[in-house]
Every structure is written in structure tokens, then in C-alpha cells.
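Asks: Structure below; questions to follow.
The values are calculated or read from the model by the stated rules, or taken from the named source; none is laboratory data. Fair warning: this is a prediction, and the values are worked out from it, not measured in the lab. Here Cβ is always computed from backbone atoms with ideal geometry, including for glycine, and neighbour counts include all displayed protein chains. Calculation scope for accessible area: heavy atoms of the full protein, side chains included, ligands and nucleic acids excluded. Shrake-Rupley method; radii C 1.70, N 1.55, O 1.52, S 1.80 Å.
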Amino acid sequence: MEEEDKGYFHEASFIDKEGQLRTSKVPVVQELARQLQGLNHLPDKFKRVHPDHQPVTPSVALPIPTINMAKLRLVAEPQPKVRAQELAKLASAAKEWGMFLIMDHGVPSNVLHGVKDVVKGFFGLPFEEKKASVGSYASVENMGYGRNFVKSEDQPLDWIDRLTMKAAPEGASEGLHVWPQKPTNFSDIIYNDRQAIELYVREARKVLDDLLEVLAESLSLERHVFIQQFDTNESEINVRVNYYPPCPRPDQTLGLTPHTDASALTILMEFDTSGGLQVLKDQKWLPVKWPRDTLLVNVGDMLEIMSNGRLQSPWHRVVTQMDVERFSVALFYNPASLAEIVPVRNTTMKNESYKNVVVGDYLQHFYKISPTTEKVAIKFAKA
Ligand code: OGA
Ligand code: NI
């Protein structure tokens, strides 16, 4: 009997190719990892034949650009030169990588630690408690404790468990059902202490808003062209906690299948272990590591559309590691679901290459066709 038959499953619902609603049982990787400890094999469901799966060696840290947010926040004098240099650095990072690290971002480190604590607290609960602690969204796909990107019984599975929640707009009623009730500081407001994740979301939103402005500026566009598409009360932030348990065979599987983010901008923190994220650049998968307290930002499909292709969402994936576990927390920043995003006009290129799309329509399309083997969802927005 294969180990995964012993017991713990997520249920993943999906519409299959024939349009039928199906539910697939996906092993809880955290439990599986525990059962497989000390062994050196994986259940077949997790194995993939990956021609480009590079051996996971302790890789040289990638010289991915680091942007100093404090320098970008220096308004006007006395150091216009410092700011201008940082803007130029941002422009080239955003254009060449679609991904960069940020330091001096202003999110207090106790806020980052608060996130780490509740996330570890949640994953430290027994499976049944985790499951019982998180509600489910009746009408929203890809949310809650479990899995996403499951589309068929025979696709290779990722070595990951995830927890996905809506954090904004504030008070989104459905969101309340899915936030874990345990550990209590995950979601309760006790003695005026805001929940850890909410505090982080609030701080991170400031960073994301600043970035939307400076990114526009760095591309010599009017400062508000991106941010004006994010209604303060209606724009959305989804939180995705990724948990990658230790994996007995990192050479045979992936933590997260290659993808772009559908969001406009994504901001990521990681903890316990660094490393695992890889980005495809010039046809090569490059490892991305980031120092403690720096955050990683990447361009998503919707910013590619808004920028009319000046920025491009990077194709990225996560590889697993052998004796260590790793967590990452991604915040996906999107305009309101009913908003229509409008690409900035191209003055130099003859043809406009992207068209207006309604955010909710794009997301629906993205999740309907994902996972894909190449970057194709974005074609939905090509003129
Ligand atoms: C994601 C993602 C990367 C990571 O959640 O979309 O790309 O390092 N995560 O976990
Ligand atoms: Ni991603």
C-alpha cells in the first residue's frame, strides 16, 4: 500500500475537461512528509518527468536586484540624486526581471514576526484541527486550507499545503468564514490588538501602493496611472500561505508548479529556510534567495496588462528541499473584481498590444486554464 492511502486528504474540487464538477482527494503533504521521514522515495502522484529540472544544489545566491524603499521615499531635496539613482535601478529590475527584493520597506520586523508566529501556530495544529479551524468559501475557488491548481486526477501534484484567504476589501463577508480560528491571534481582535495577518496586510498595502507609484514613475509614466486603478475601498488583497514540508526526493518533484501570478503585484515573505523559489530568465531557471527581513516583489499579469507590456510577469516555480521545511506568505494585490483595467497608451509602439479587461473575468480565465506549461493566460488580454 502506498503511504498516501493511510489517511489524510484535502478535497480539491475542479471542473474537468468535459465540464463536470469533480472532487479529487489530494494527500496532505505535511502528513505524508511525516510518514516518509527517513525514506527516500515519493508516491508516484508527486513525481514528474522534468527535462529542465535542475539538480537542487546549494545554489549561489542570485544577484536579484535589491531596491531600497527608503531612498525612493525621499521626497524632493536634499538628495534628488540618490532617489533618481534608485528609480533607475527599480526601472531596470522591473523591466529585466519583473522581480526584485526590497529593503528598508518600513514593515516593522515585529509585524513580520507576528505573521511567522501565527502561521507556524496554524500548521502546528493537528490536521483535524486545522481543517475544522478554517471555514470554506461557498462561491470562491482556490480559497481555504488545502490545495489549488488541481485540475485532473492524473496531473503531477505539488509538494505543498496551502492556506488562502481574502484579506481585503476589509469586511468582505465571505472572508470571515475562512480565516482560521486558531491560533486565536490569527483572526481575533483581542484587546485592540489587531490580528497578526491583518496588521501585516495593512503595512504591506502601504508598500504596494508606494510601489505602484514609483514603478509608474520609473517607467516615465504619470505617477498615478497604475494606482488610480485600485479603488481604496474595493481593491483586493488575497493572502496565500505556502507550506513546503521537507521532501525526500527534491529531484523528482516540485513545490509549486511553474506559473505567473494573476495579480497586479505580489509581495512575498519567507521563513524558516531561504531558497526554493526559482525564476525563468533567459531560458534558465535561476534560484532566488532573500535575506531575512527583505521582502520579494513580483509583477503579476494584471500589471503587465496595465503597463501595456512595459513590465512582464515572470514565470516562476518552487523546488523543494530535503531536510528542511519552508514557509512563504504571498499577498496578491488586485484592483476591484468588477473594475476594468486599462493599459496605458503606447506612444512609441505603433500597435497597442493589450486591451481593457475586467479583473474578475481575467481571474476566472486564469484559474480555469491553470496550470499551464507555458505563459498563455495573458493572451486573454492581448488585442
Ligand atoms: C506563489 C509563489 C513562491 C514561494 O505563491 O504564487 O510563487 O517562494 N510562491 O513560495
Ligand atoms: Ni507565484
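Asks: If you wrap a convex hull around the alpha carbons of the stretch 250-383, what volume per residue comes out, as a whole number of Å³? Working shown, then result.
Replies: Details: hull volume 16.5 nm³, N = 134.
Convex hull of Cα atoms, per residue: 123 Å³.
Asks: May I ask you to derive the relative contact order of the stretch 60-381, considering only C-alpha pairs under 8 Å and at least 6 residues apart, and to give it as an integer percent? If you can, show how the numbers build up before the last one.
Replies: On the way: 620 pairs, mean separation 63.2, N = 322.
In percent, rounded to a whole number, it is 20.
Asks: Let me ask something else about it. I want to verify the translational diffusion coefficient of the stretch 312-383 in µm²/s; compute it with Stokes-Einstein, Rh as the Kirkwood radius over Cα pairs, at 25 °C and 0.890 mPa s. All intermediate terms of the calculation are to be shown ahead of the outcome.
Replies: On the way: Rh = 15.0 Å.
The diffusion coefficient I find is 163 µm²/s.
Asks: Only Lys, Arg, Asp and Glu count, each charged at its Cβ (+1, +1, -1, -1), so figure out the dipole size of the chain about its Cα centre, rounded to 20 debye. The partial results should precede the final answer.
Replies: Values: 44 positive and 50 negative charges, 169 e Å.
It comes to approximately 820 debye.
Asks: Let me ask something additional. How big is the stretch 197-328 by the Kirkwood estimate over distinct Cα pairs, in Å?
Replies: Details: mean 1/r = 0.0621 Å⁻¹.
Averaging 1/r across every pair of different Cα atoms and inverting gives 16.1 Å.
Asks: Please state, as a whole number in µm²/s, the translational diffusion coefficient that the Stokes-Einstein equation yields for the chain at 10 °C and 1.306 mPa s, with Rh defined as the Kirkwood radius across alpha carbon pairs. Spell out each step's value before the answer.
Replies: Numbers: Rh = 21.5 Å.
In µm²/s, the coefficient rounds to 74.
Asks: I would also like to ask the following. Rounded to the nearest 500, what is the 222 nm mean residue ellipticity of the chain from helices alone, with -39500 (n - 2.57) per DSSP H run of 4+ residues and division by all residues?
Replies: -7500 deg cm²/dmol
Asks: What are the ³J(HN,Hα) values, in whole Hz, obtained from phi via the Karplus relation 6.51 cos²θ - 1.76 cosθ + 1.60 with θ = phi - 60°, for each residue of the stretch 250-262 in sequence order, with x given for Gly and Pro?
Replies: x, 6, 10, 9, 10, x, 9, 4, x, 6, 10, 8, 6
Asks: Which of the pairs LYS206/LYS281; LYS284/LYS375; LYS95/LYS120 have their Cα atoms more than 23 Å apart in this structure?
Replies: Working: LYS206/LYS281 29 Å; LYS284/LYS375 15 Å; LYS95/LYS120 35 Å.
Those over the limit are LYS206/LYS281; LYS95/LYS120.
Asks: Taking all protein chains as present, what is the carbon and sulfur share of the accessible area of the chain, in % to the nearest whole number, probe 1.4 Å? Before the final figure, lay out each step's value.
Replies: Working: 8970 of 17810 Å².
For the chain, the apolar C and S fraction of the accessible surface comes to 50 percent.
Asks: In the stretch 60-381, with Lys and Arg counted as +1 and Asp and Glu as -1 at Cβ, which of these residues, PHE366, ILE64, VAL239, has the Cα nearest the positive end of the dipole, that is, farthest along it?
Replies: Looking along the dipole axis, the top candidate is ILE64.
Asks: Long-range amide H contacts for ALA167: which residues qualify at under 5 Å (H placed 1.01 Å from N, peptide plane, sequence gap of 5 or more or a different chain)?
Replies: So ALA167 has HN proximity to ILE237, ASN238, VAL239.
Asks: Given the stretch 71-116, report the % of alpha carbon pairs whose separation exceeds 11 Å.
Replies: On the way: 736 of 1035 pairs.
Above the 11 Å cut-off, the stretch 71-116 has 71 percent of its Cα pairs.
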